[in-house]
Amino acid sequence: MAAFLITAFIKIFIVFNLILLTAAYLTWLERKLIARLQVRLGPNRVGPFGLLQPIADAIKLFCKEDILPARANRFVYTLAPMVSLIPAVVAFAVIPFGDSVQVLGYKVDLVITDVNIGVLYVLAITSLGVYGLVLAGWASNSKYALLGALRASAQMISYELSLGLSVIGVLILAGSLSLVDIVRAQERVWFILLQPLGFLIFLTCGVAETNRAPFDLPEAETELVAGFHVEYSSMKFAMFFMAEYVNMVTVSAMAATLFLGGWHGPLLPPVAWFMLKVFAFLFLFIWMRATLPRLRYDQLMRFGWKVLLPLALLNILVTGLVVGLQA
Amino acid sequence: MTITLSHYLVLAAALFVIGLVGVFIRRNAITILMCIELMLNAVNLTFIAFASHMNAVDGLIFVFFVITVAAAEVAVGLAIVIALFRNRDTVNLDELNLMRW
Amino acid sequence: MFTAFVFYLFAAVALAGALFVVLQRNPVYSALALILTLFAVSGLFFLLNTPFIGILQILVYAGAIMVLYLFVIMLLNLSREESILRAHRLQRVVGTLLGGLLLVVVAAVAIRQAGPGAPGSVPGAAPGTAEAVGRALFSDFLFPFEMASILLLAAIVGAIVMAKEDLR
């Protein structure tokens, strides 16, 4: 019991710090990559290659004045950023980083906890993130924020559906809801080869769920100023910012786990393969933002309900038929 | 001190009654819908407590269906609330005393 | 001991949230309190060894249904304070009394008749896994399952017809 608790705490500590660090440096990576894609240099003043830029940003955000808008709802206004950030981080509890390893004679699984309903857990926890956006928009007492919040809730409910359905093909093939079992089932063939359609749907919905371009309507800066977090400043704003990047890492990690075989790969150690796959997805996220224009709101809803949802159902049908006929 | 089935049943009863009283004393249509959710949840808790007590899966199936019905009820209920609000500009049930307008 | 502590914690949160739902004038606060209650009840499901239903509760209730509530409250801008005193005084008193009476009766029956056995006291397979629910759902309960999907379809159509502005 004691050994279990100690290893759990150590794992939580490492993973938590790793995620926050990744999120912080993801901002650097994004600025650097977007700059390169737009033939600019990007941050290059603070430290070598601008590597200290995230730290400078963090200090700046800490020192800024924390503004509470007039007639805003103080309690909900303060609650919203936390509600946004916490589910994003907590979702990592079930994502496996690597196979179990021997440390000082103990067998340690490189996952905080392997539950037998891991996929459902991640879906449930990530679906809570929308509350942060909705409450922020409502509590700010501002039209732009409210419009952003309404868009966010409609968008996230719509795309969550296809996101959940796109995973079912993988679940049928793996025969388990545990993420560790799903990775083990991809020992020989990665599920991206068996589920290409499911993978594409998952990726599209994942981008929409994290409110990233081209689905960044809740914060569309050119029409809604900044959407749900217009009124936020200082650390509260930073928490929304962190939440967005942590969510990107979550979706990338889930995509790598469900479709790209998690830690499996030749030569390199398992953890390195996992990190590599996650960063490949993060690169894709940033690349998409630099390349694709934002959708219009009606296009977004039509695409979600009339294209992605039927495709996801078709994917389940075909997968079920094939697996059923083989059995 | 062990937690028995009775503990769960009493808790579920209390939740149910709170929801019921809410339906009695509130006039806001949305709040009343939420109170109905509360009552459905109390019933779910009872089902699960019994299912766990008897080690039977049937109770879980019932809860599964209750959640399905709750989702359907919310979709229709909220659509009705929106339609009412469009026509009458209020969601206070005491003011909604005509079937047609 | 640990179980008892967790049970009372969740029970207290659930009851406090439920009371808040009923007594709060602002529908947004009511919705937030209801979310809290749903989480506490979900925690109780985990305590009762049925994690699948517990996670389903969070996924469906907290993740979708309550978002819909908040969406409608914001869309209609219903967050202004509604006076709880607007209900008839008699209605409030009688409602609360009848509710209290029901609680006493049900609680008495629950305590007298349910007996001392602890939930989940029967040793053997845990009933609450996704696998067990799935097997039962697609064998013994297949017909109700199909009926539920028809119900959902009817609800979708009904909701669209009801909420659409210009049907003609």
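The values are calculated or read from the model by the stated rules, or taken from the named source; none is laboratory data. These figures come from a predicted structure and were not determined experimentally. Here Cβ is always computed from backbone atoms with ideal geometry, including for glycine, and neighbour counts include all displayed protein chains. The area values use the complete protein model at the heavy-atom level, side chains included, leaving out ligands, DNA and RNA. Shrake-Rupley method; radii C 1.70, N 1.55, O 1.52, S 1.80 Å.
Given the condition out of contact with any Phe, Trp or Tyr (no Cβ under 6 Å at 6 or more places or on another chain) and within 11 Å of chain A (Cβ to nearest Cβ), answer yes or no: does some residue in region C:8-26 qualify?
If we filter region C:8-26 for residues that are out of contact with any Phe, Trp or Tyr (no Cβ under 6 Å at 6 or more places or on another chain), which is where we start, we get C:8-26.
Checking the rest, the ones that are also within 11 Å of chain A (Cβ to nearest Cβ) come to C:26.
Within region C:8-26, one or more residues are out of contact with any Phe, Trp or Tyr (no Cβ under 6 Å at 6 or more places or on another chain) and within 11 Å of chain A (Cβ to nearest Cβ).
List the number of the failed condition for A:ALA124; all other conditions in (1) open to solvent by 10 Å² or more (accessible area, probe 1.4 Å); (2) more than 22 Å from A:TYR297 (Cβ to Cβ); (3) free of Cβ contacts under 8 Å to residues at least 24 places away in the same chain hold.
All conditions pass for A:ALA124, except number (1).
For region A:198-296, which fully contained helices (runs of 4 or more DSSP H) count at least 1 residues that are within 21 Å of A:ARG188 (Cα to Cα), open to solvent by 50 Å² or more (accessible area, probe 1.4 Å) and in contact with a strand residue (DSSP E or B) (Cβ under 9 Å, 6 or more places away or on another chain)?
Working: elements: A:221-224, A:234-259, A:270-291.
Hits in region A:198-296: A:270-291.
If you go through region C:13-27, how many residues are over 17 Å from B:ILE36 (Cβ atoms) and outside any helix (DSSP H, G or I)?
So the answer is 2.
Name the one entry in A:ILE19, A:ILE34, A:ILE67, A:ILE59 that is out of contact with any strand residue (DSSP E or B) (no Cβ under 8 Å at 6 or more places or on another chain), open to solvent by 80 Å² or more (accessible area, probe 1.4 Å) and in a helix (DSSP H, G or I). Show your work before the answer.
Details: A:ILE19 fails: open to solvent by 80 Å² or more (accessible area, probe 1.4 Å); A:ILE34 fails: open to solvent by 80 Å² or more (accessible area, probe 1.4 Å); A:ILE67 fails: in a helix (DSSP H, G or I).
Just one listed residue meets the conditions, A:ILE59.
Kindly check whether there is at least one residue in region A:293-311 that is touching an Asp or Glu at 6+ places or on another chain (Cβ under 7 Å) and at pLDDT below 85. Full working, then the answer.
Initially, region A:293-311 is screened for residues touching an Asp or Glu at 6+ places or on another chain (Cβ under 7 Å), giving A:294.
In the following step, the residues that additionally are at pLDDT below 85 were identified as A:294.
Yes.
Going by the structure shown, is C:LEU68 modelled with pLDDT of 80 or more and either outside the structural domain of C:LEU137 (by TED's automatic domain parsing) or buried (at least 21 other Cβ atoms within 10 Å of the Cβ) (or both)? Explain how you work it out, then say what you get.
Numbers: modelled with pLDDT of 80 or more: yes; either outside the structural domain of C:LEU137 (by TED's automatic domain parsing) or buried (at least 21 other Cβ atoms within 10 Å of the Cβ) (or both): yes.
In short, yes.
Can you spot a residue in region C:29-37 that is touching a Ser or Thr at 6+ places or on another chain (Cβ under 8 Å) and open to solvent by less than 10 Å² (accessible area, probe 1.4 Å)? Spell out how you get there, then give the answer.
First, the residues of region C:29-37 that are touching a Ser or Thr at 6+ places or on another chain (Cβ under 8 Å): C:30.
The next check asks that each one be open to solvent by less than 10 Å² (accessible area, probe 1.4 Å); those that pass are C:30.
Looking for residues that are touching a Ser or Thr at 6+ places or on another chain (Cβ under 8 Å) and open to solvent by less than 10 Å² (accessible area, probe 1.4 Å), one finds at least one in region C:29-37, hence yes.
Checking the conditions here, which among A:LEU133, A:LEU146, A:LEU51 is without any contact (Cβ under 8 Å) to a residue 60 or more places away in the chain, more than 24 Å from A:ALA8 (Cα to Cα) and surrounded by 19 or more Cβ atoms within 10 Å (Cβ to Cβ)? Spell out how you get there, then give the answer.
Details: A:LEU133 fails: without any contact (Cβ under 8 Å) to a residue 60 or more places away in the chain; A:LEU51 fails: surrounded by 19 or more Cβ atoms within 10 Å (Cβ to Cβ).
Exactly one of A:LEU133, A:LEU146, A:LEU51 is without any contact (Cβ under 8 Å) to a residue 60 or more places away in the chain, more than 24 Å from A:ALA8 (Cα to Cα) and surrounded by 19 or more Cβ atoms within 10 Å (Cβ to Cβ), namely A:LEU146.
Out of the residues in region B:54-71 that are over 16 Å from the mean Cα position of the chain (by Cα) and open to solvent by less than 20 Å² (accessible area, probe 1.4 Å), state the one that is farthest from the other protein chains (Cβ to nearest Cβ). Talk me through it step by step, then tell me what you get.
We begin by selecting, within region B:54-71, every residue over 16 Å from the mean Cα position of the chain (by Cα); these are B:54-61.
With the extra rule that they be open to solvent by less than 20 Å² (accessible area, probe 1.4 Å), the set shrinks to B:59-61.
Numbers: B:GLY59: 8, B:LEU60: 5, B:ILE61: 5 Å.
The selected residue is B:GLY59.
Do we have any residue at all in region A:169-186 that's away from every other protein chain (no Cβ under 13 Å), surrounded by fewer than 22 Cβ atoms within 10 Å (Cβ to Cβ) and more than 20 Å from A:ILE201 (Cα to Cα)?
yes
In this structure, does A:GLN102 turn out to be over 30 Å from C:ILE55 (Cβ atoms), at pLDDT below 80 and open to solvent by 20 Å² or more (accessible area, probe 1.4 Å)? It would help to see each step written out before you state the result.
Details: over 30 Å from C:ILE55 (Cβ atoms): yes; at pLDDT below 80: yes; open to solvent by 20 Å² or more (accessible area, probe 1.4 Å): yes.
Spelling it out, A:GLN102 is indeed over 30 Å from C:ILE55 (Cβ atoms), at pLDDT below 80 and open to solvent by 20 Å² or more (accessible area, probe 1.4 Å).
Scanning region B:24-53 for residues that are touching a residue at least 40 places away in the same chain (Cβ under 8 Å), more than 29 Å from C:ARG89 (Cβ to Cβ) and surrounded by fewer than 24 Cβ atoms within 10 Å (Cβ to Cβ), which turns out farthest from the other protein chains (Cβ to nearest Cβ)?
Looking at the filtered set, the residue picked out is B:PHE50.
If you go through region B:72-83 one residue at a time, how many are more than 7 Å from every other protein chain (Cβ to nearest Cβ) and crowded, with 20+ Cβ neighbours inside 10 Å? Break it down stepwise before answering.
So in region B:72-83, the residues more than 7 Å from every other protein chain (Cβ to nearest Cβ) come out as B:73, B:77.
The next check asks that each one be crowded, with 20+ Cβ neighbours inside 10 Å; those that pass are B:77.
Count: 1.
Specify the residue that is modelled with the lowest pLDDT; the eligible residues are those in region C:38-61 that are farther than 21 Å from A:LEU161 by Cβ, assigned to a helix (DSSP H, G or I) and at the interface with another protein chain (Cβ under 7 Å from one of its Cβ atoms).
C:PRO51
In region B:8-23, which residues are of a type outside the set (Gly, Ala, Ser), over 9 Å from the mean Cα position of the chain (by Cα) and buried (at least 21 other Cβ atoms within 10 Å of the Cβ)?
Taking region B:8-23 and keeping what is of a type outside the set (Gly, Ala, Ser), we get B:8-11, B:15-18, B:20-21, B:23.
When the remaining residues are screened for being over 9 Å from the mean Cα position of the chain (by Cα), the result is B:8-11, B:15, B:17-18, B:21, B:23.
Answer for region B:8-23, where residues must be of a type outside the set (Gly, Ala, Ser), over 9 Å from the mean Cα position of the chain (by Cα) and buried (at least 21 other Cβ atoms within 10 Å of the Cβ): B:TYR8, B:LEU9, B:LEU11, B:LEU15, B:VAL17, B:ILE18, B:VAL21.
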